[in-house]
Amino acid sequence: MDPSIKKISKYSAYPAFGVCIAVGVIMLVIAFVINHFGEKNYKLCTEPVTALVSDIVSKVDSDGDTLYAPEFTYEAEGKTYKTHSNTYSSPMPYGIDEKVELLYEPGDPSHFIIKEEKLPFYKLMVYIFGGVGLLFTVFPILLFIIMKLILRHEDKKRAQSDYEF
């Protein structure tokens, strides 16, 4: 095999490794930002209130599926609030007239979170972006190390065979 061809193929993977690592780092940064603002949201909403599911709001997504969100009615700071969740799902996790524990932000009771939410949407996004980011960052680094070890081993074998002649 022509040595110049070997040299080209030896370094041709470097840009691909760089692009994968850059995409991974960007995904990790996005996960960090989502987590930061999600945690901030959870720290702001501290006042507990029992809300009543007064209605179900629906919308159709781009796939044609119908998604649902509960509309909550609750009393806070001397006023009645009627607002719906920003998280839509199917099937609907709550029924009309069901009581749900919320936490609202003092000073802005229309801003709330569902107290018993098992996996908040922002955490799901953190896991997805963080997981993909780790894969795109760690996998190319491991491949790069393995490739370097293989090439070093081949260079040693070639140097030994050149020495024997």
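Taken together, the values in this text are just the output of simple stated rules run on the coordinates, not laboratory data. Being a predicted model, the structure only gives us computed values, none of them experimental. FYI the Cβ positions are ideal-geometry reconstructions off the backbone, even for glycines, and counts take in every protein chain you see.
Each label point was placed 7 Å from the Cα along the Cα-to-Cβ direction; for Ser161 and Ile128 their separation is 5.0 nm. Highest mean packing first, where packing is the average number of other Cβ atoms within 10 Å per residue, the peptides 35-41, 71-77 line up as 71-77, 35-41. Fully extending the segment from Glu75 to Phe32 would add 12.1 nm, taking 0.36 nm per residue of separation and subtracting the current Cα-Cα distance. What is the calculated FRET efficiency for Lys59 to Ala16, with r their C-beta to C-beta distance and R₀ = 35 Å, to the nearest 0.05? E between Lys59 and Ala16, to the nearest 0.05, is 0.30.
Each label was represented as a point 7 Å from its Cα along the Cα-to-Cβ direction; for Leu52 and Leu135 these points are 4.7 nm apart. The modelled label-to-label distance for the pair Lys99/Leu67, using points 7 Å beyond Cα in the direction of Cβ, is 3.0 nm.
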